[in-house]
Amino acid sequence: MTGPALENTKARRVFLDRHALLEPAQGPAQGDDLLDLIARLGFVQIDSINTVARAHDLILFARRPRFRSDDLTRLYARGDTLFEHWTHDAAVIPQAFYPLWQMRRRRDAARLRKQWRSWRRDGFEDQMQAVLDHIRTEGACGSSDVGRDEKRGSGGWWDWHPSKTALEYLWRSGALHVVGREGFQKRYDLTERVLDPQLWAPGTAPTEAETIDWCCANALDRLGFATSGEIAAFWAHVSAAEAKAWCAKALERGQIEALDIEGADGTLRRLFARPGLAEDPATQTQATDRLRVLSPFDPALRDRKRAKWLFGFDYRIEVFVPEAKRAYGYYVFPLLQGERIVGRIDMKAFRADDTLRVRALWPEPGVRWGKLRHRALEAELSRIVKLAGVSKIAFDDGWLREAASHRF
């Protein structure tokens, strides 16, 4: 039987390289250097949960330990660097990519109008003009500045009042632009007022065919190797059928090739890649042995099925799992060391006590948690406390648990 074109260790190296995790965690983390990192990743998912640091901050910190949350705030505030919109979830994206979201905005306009009507967000369409008029007159606003007399539910995104829903719809479909946040609440302004017309004016956007080509090509470049479905899911702009058709044409033109790539369990998958991937320099580059704490939303782990196949790492986030049914914890962080996921850690910053408290750590099956690995963990935690805004580290009694057993 013919062996894989790319055995598992080399495949991991390529994948980590594409996610800026193969090289040492070092380098500048401000201004254009930070923007270049975000462009390399494609986007950075944003999330409000702040048990240690918010997802977007930890994603950037894992690659550039000099990073602090204010660095992203300042970069965003420049106004010409980043924008917020959706990929598979809410994300910050290089502003240079903004025209390539026109197809997404147009498709969202039709899809969300129909979808949100069926979810009984009654009256949001009637409020859209009023919301636009308010912003045109009063300037940028948040959801608390509109719809003050409208009925609100008991809480949660599904209980948006009509004007809040109108704000979100107008943003997702392109009339409004997120210009920043107060706390974690988005502030919206008119796109035409805050963005260069070359980014949004009619006739300036790429065609759908050009957008699909860009999305598929750039997804593959950031994944290293992928199925057509994984390519479609990366930006979540193109359909599975569109990505499948792109792969067929690119394969015929010699722009990509199909390779057998080995998973952590020895299984082979036939995946698409750029020609010459087996000779990519990353395949010969051993990852740094530094231990890194990853966000559950890190782009390297976002696709849980791929993480399980490539790294043997079976993970789900348990935020929405009732406490009694959690296998591990509310918000458990994966631990990457070298080319392996070596464990998962449950920890939280108690800022009133100035302490990062480690509640539990589960090594992955086959991983020995010895003195050297523990020193690597302590070294990483000593860096993370600066991001978390505390200065002390404490380990709860019984924090080192039995190896993770993939109990989901």
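The values are calculated or read from the model by the stated rules, or taken from the named source; none is laboratory data. Only a predicted model underlies this, so the values are computations on that prediction, with no experimental measurement involved. Because the Cβ atoms are built from the backbone with ideal geometry, glycine has one as well, and the counts that use them run over all protein chains shown. Remember, those area values only see protein heavy atoms, side chains included, never the ligands or the DNA or RNA. Shrake-Rupley method; radii C 1.70, N 1.55, O 1.52, S 1.80 Å.
In the list 120, 111, which residue meets the criterion of being in a loop (DSSP other than H, G, I, E, B) and at pLDDT below 95?
Values: 111 fails: in a loop (DSSP other than H, G, I, E, B).
Among 120, 111, only 120 is in a loop (DSSP other than H, G, I, E, B) and at pLDDT below 95.
Criterion applied to 235, 171, 246 was being within 19 Å of the chain's Cα centre (by Cα) and modelled with pLDDT of 95 or more, and the one residue passing it is 235. Within region 250-275, residues that are touching a residue at least 60 places away in the same chain (Cβ under 8 Å) and under 18 Å from residue 13 (Cβ atoms) sit with their Cβ atoms under 9 Å from residues that are part of a loop (DSSP other than H, G, I, E, B) and open to solvent by 60 Å² or more (accessible area, probe 1.4 Å), at 6+ positions apart or across chains, in these pairs: 260/2; 261/7; 262/7. Check whether at least one residue in region 220-238 is under 16 Å from residue 97 (Cα atoms), touching a Phe, Trp or Tyr at 6+ places or on another chain (Cβ under 8 Å) and among the β-branched types (Val, Ile, Thr), and report yes or no. For region 220-238, residues under 16 Å from residue 97 (Cα atoms), touching a Phe, Trp or Tyr at 6+ places or on another chain (Cβ under 8 Å) and among the β-branched types (Val, Ile, Thr): present.
Listed conditions (1) outside any helix (DSSP H, G or I); (2) closer than 18 Å to residue 16 by Cα are all met by residue 255, apart from (2).
Does residue 221 satisfy the condition of being outside any loop (DSSP other than H, G, I, E, B) and open to solvent by 40 Å² or more (accessible area, probe 1.4 Å)? So residue 221 fits the description; yes.
Across region 181-193, the number of residues qualifying as buried (at least 16 other Cβ atoms within 10 Å of the Cβ) and either without any contact (Cβ under 8 Å) to a residue 60 or more places away in the chain or farther than 23 Å from residue 112 by Cα (or both) comes to 5. Has region 85-103 got any residue that is in contact (Cβ under 8 Å) with a residue 60 or more places away in the chain, in contact with a Cys (Cβ under 9 Å, 6 or more places away or on another chain) and assigned to a helix (DSSP H, G or I)? Scanning region 85-103, I find at least one residue that is in contact (Cβ under 8 Å) with a residue 60 or more places away in the chain, in contact with a Cys (Cβ under 9 Å, 6 or more places away or on another chain) and assigned to a helix (DSSP H, G or I), so the answer is yes.
Going through region 329-364 one residue at a time, which ones are basic (Lys, Arg) and closer than 21 Å to residue 391 by Cα?
Let us first name the residues in region 329-364 that are basic (Lys, Arg), namely 340, 344, 348, 351, 357, 359.
Once the filter is applied, which keeps residues that are basic (Lys, Arg) and closer than 21 Å to residue 391 by Cα, region 329-364 yields 348, 351, 357, 359.
Looking at 57, 89, 71, just one residue is open to solvent by 30 Å² or more (accessible area, probe 1.4 Å) and either acidic (Asp, Glu) or over 29 Å from residue 210 (Cα atoms) (or both), and that residue is 89.
Among all positions in region 319-332, there is at least one residue which is acidic (Asp, Glu) and either over 18 Å from residue 261 (Cα atoms) or touching a strand residue (DSSP E or B) at 6+ places or on another chain (Cβ under 9 Å) (or both).
For residue 209, are the conditions met, namely being outside any helix (DSSP H, G or I) and more than 20 Å from the chain's Cα centre (by Cα)? Talk me through it step by step, then tell me what you get.
Values: outside any helix (DSSP H, G or I): no; more than 20 Å from the chain's Cα centre (by Cα): yes.
Answer is no for this residue.
Quick test for you: out of 64, 74, pick the one residue that is closer than 18 Å to residue 222 by Cβ and more than 14 Å from the chain's Cα centre (by Cα). Break it down into steps so the answer makes sense when it comes.
On the way: 74 fails: closer than 18 Å to residue 222 by Cβ.
None of the others qualify; the one that does is 64.
Can we say residue 362 is at negative phi, out of contact with any Ser or Thr (no Cβ under 8 Å at 6 or more places or on another chain) and modelled with pLDDT of 95 or more? Against the criterion (at negative phi, out of contact with any Ser or Thr (no Cβ under 8 Å at 6 or more places or on another chain) and modelled with pLDDT of 95 or more), residue 362 qualifies.
Only one of these is open to solvent by less than 20 Å² (accessible area, probe 1.4 Å) and not in a strand (DSSP E or B): 248, 264, 232. Name it.
On the way: 248 fails: open to solvent by less than 20 Å² (accessible area, probe 1.4 Å); 264 fails: open to solvent by less than 20 Å² (accessible area, probe 1.4 Å).
Going through 248, 264, 232 in turn, just one is open to solvent by less than 20 Å² (accessible area, probe 1.4 Å) and not in a strand (DSSP E or B): 232.
Within region 188-206, the only residue that satisfies the criterion of being outside any helix (DSSP H, G or I) and among the β-branched types (Val, Ile, Thr) is 204. Looking across region 21-35, just one residue is open to solvent by 40 Å² or more (accessible area, probe 1.4 Å) and under 24 Å from residue 303 (Cβ atoms), and that is 23.
If you go through region 181-224 and keep only what is more than 13 Å from residue 243 (Cβ to Cβ), of a type in the set (Phe, Trp, Tyr) and at pLDDT 95 or above, you end up with just 188. Filtered by the rule that a residue be touching a residue at least 12 places away in the same chain (Cβ under 8 Å) and among the basic types (Lys, Arg), region 218-249 gives 222, 244. All conditions but one from (1) more than 18 Å from residue 311 (Cβ to Cβ); (2) open to solvent by 40 Å² or more (accessible area, probe 1.4 Å); (3) modelled with pLDDT of 95 or more apply to residue 18; the one that does not is (1).
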